[in-house]
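Asker: Pasting a structure here, questions to come.
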Ligand SMILES: C[S@@+](CC[C@H](N)C(=O)[O-])C[C@H]1O[C@@H](n2cnc3c(N)ncnc32)[C@H](O)[C@@H]1O
């Protein structure tokens, strides 16, 4: 071990690249290097790990953004599947990615959706659901697969990425007739229907406050009298924030609970109609807005 910490870090990174990524016992040191980088050191750091910043790893997939944005349907699907590249040059990098709290929080929000829908169909005949930014629609697939109570639910999916629509359609083909697929920007979609649930996860984190507020104002008009909007947003407490930013150039608008209450208030929603829940890690916050 040398005395120059910068040289030590470089050697450690070289070792990680040569051995196919961090083992569990390396996580702390690797994370600490990333967390302590100055902004002007990021480029140099990425140069040192450039052999993994490509589609061979989940970190690299987010970095190169093959569909134009980091959390595309394909990456999100792989998170749900706990997909890992078995090539020894990349395997441990993917396991590291999948073990991050943010990846676990994504998996948790799928479970949150499934539980919500189970309750919905228990209390409501012919429930109607709209999903904004539906991505792979793994949540829909799992809910409809597990739920054995008949087909008294209809789900409309909105996504502006044709590849996401194609993927979700193929995945859910056995539920034909229950799901509609709409390739359109959520900012532009106009609904002629009312929904019991408007759900959006992994979308509003990319919007500025003004778009967030605009969408609440717009979609609140598309909810039934006893319906609800549920919008997920990563919390400012996301412990994976820095890793996402430095490794994958993946930036989100993280928000606190009070940010979400303020945004709802800016959209002219009465505070009695607003509540916030979170998944077990407290990383994904769910802003819930009732119509009445
Ligand atoms: C991070 S993924 C989340 C997918 C899914 N909701 C989930 O939680 O598994 C976000 C999805 O939103 C879509 N998206 C992003 N901006 C959008 C917009 N303005 N209108 C419609 N879809 C959008 C992307 O194409 C992507 O499929």
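Asker: Measuring from centroid to centroid over Cα atoms, what is the spacing of the stretch 13-30 and the stretch 183-231 in Å?
Answerer: What the calculation gives is 42 Å, centre to centre.
Asker: On a 0 to 90 degree scale, rounded to 10, what angle separates helix 209-219 from the longest Cα axis of the chain?
Answerer: Compared with the principal axis, the helix lies near 30 degrees.
Asker: Follow-up question, since we're still on this one. Between helix 101-123 and the chain, what is the angle of the helix's C-alpha long axis to the longest principal axis, kept within 0 to 90° and rounded to the nearest 10?
Answerer: Orientation of helix 101-123: about 10 degrees from the principal axis.
Asker: For the pair residue 83 and residue 174, how long in nm is the line joining their label points, each one 7 Å along Cα→Cβ?
Answerer: 2.0 nm
Asker: Under the classification rounded if a/c is under 1.5, otherwise prolate if a/b is larger than b/c and oblate if not, where does the stretch 1-155 fall, given a ≥ b ≥ c as square roots of the Cα gyration tensor eigenvalues? Kindly include the intermediate steps, with their values, before the conclusion.
Answerer: Values: a/c = 2.97, a/b = 2.81, b/c = 1.06.
Since a/c reaches 1.5 and a/b is larger than b/c, the shape of the stretch 1-155 is classed as prolate.
Asker: Rounding to the nearest 10 and keeping the result within 0 to 90°, find how far the Cα-based axis of helix 5-19 lies from the longest principal axis of the chain.
Answerer: Once rounded, the angle reads 70 degrees.
Asker: Give me the extension gain from residue 51 to residue 188: residue separation times 0.36 nm, minus the current Cα-Cα distance, reported in nm with one decimal.
Answerer: Details: separation 137, 0.36 × 137 = 49.32 nm, distance 3.95 nm.
Full extension of this stretch gives 45.4 nm more.
Asker: Give me the one-decimal nm value for the distance between modelled label points at residue 125 and residue 280, 7 Å along each residue's Cα-to-Cβ direction.
Answerer: For residue 125 paired with residue 280, the spin-label model returns 3.7 nm.
Asker: Let me ask something else. Pop a pseudo-label 7 angstrom from the Cα along the beta-carbon direction at both residue 65 and residue 272 and give the gap in nm to one decimal.
Answerer: Simple spin-label model gives 4.4 nm for this pair.
Asker: Output the peptides 132-144, 115-127, 73-85 sorted from most to least packed, where packing is the average of other Cβ atoms within 10 Å over each peptide's residues. Please report the intermediate quantities before stating the final value.
Answerer: Details: 132-144: 23.5, 115-127: 14.4, 73-85: 19.1.
For the peptides 132-144, 115-127, 73-85, the packing ranking is 132-144, 73-85, 115-127.
Asker: Further question: Using only the Cα atoms, work out Rg/Rh for the chain, with Rh taken as the Kirkwood radius, to two decimals.
Answerer: 1.01
Asker: As a test, work out the antiparallel percent of DSSP beta bridges whose residues both lie in the chain, rounded to the nearest 5.
Answerer: Percentage antiparallel, nearest 5: 35.
Asker: Another one. Order of 255-262, 62-69 by packing, highest average Cβ count within 10 Å first? Intermediate results must be reported in sequence, preceding the final value.
Answerer: Working: 255-262: 16.2, 62-69: 14.5.
Per-residue Cβ counts within 10 Å, averaged per peptide and sorted highest first, yield 255-262, 62-69.
Asker: Quick check on packing: order 277-290, 193-206 by the mean number of other C-beta atoms within 10 Å, highest mean leading. Before the final figure, lay out the partial values.
Answerer: Working: 277-290: 19.2, 193-206: 21.7.
The most tightly packed comes first, giving 193-206, 277-290.
Asker: Run the helix sum for the chain: -39,500 (n - 2.57) per DSSP H stretch of 4+ residues, divided by residue count, reported at 222 nm to the nearest 500 deg cm²/dmol. Don't skip to the end; give the middle numbers.
Answerer: Numbers: 12 runs with 126 residues, N = 292.
Rounded to the nearest 500, it is -13000 deg cm²/dmol.
Read-outs throughout are calculated quantities, based only on the coordinates presented, and are distinct from any laboratory measurement. The model shown is predicted, which means the values in this text are computed figures rather than measured ones. Heads up, the Cβs are rebuilt from the backbone with ideal geometry, glycines too, and the neighbour counts pull from every protein chain shown.
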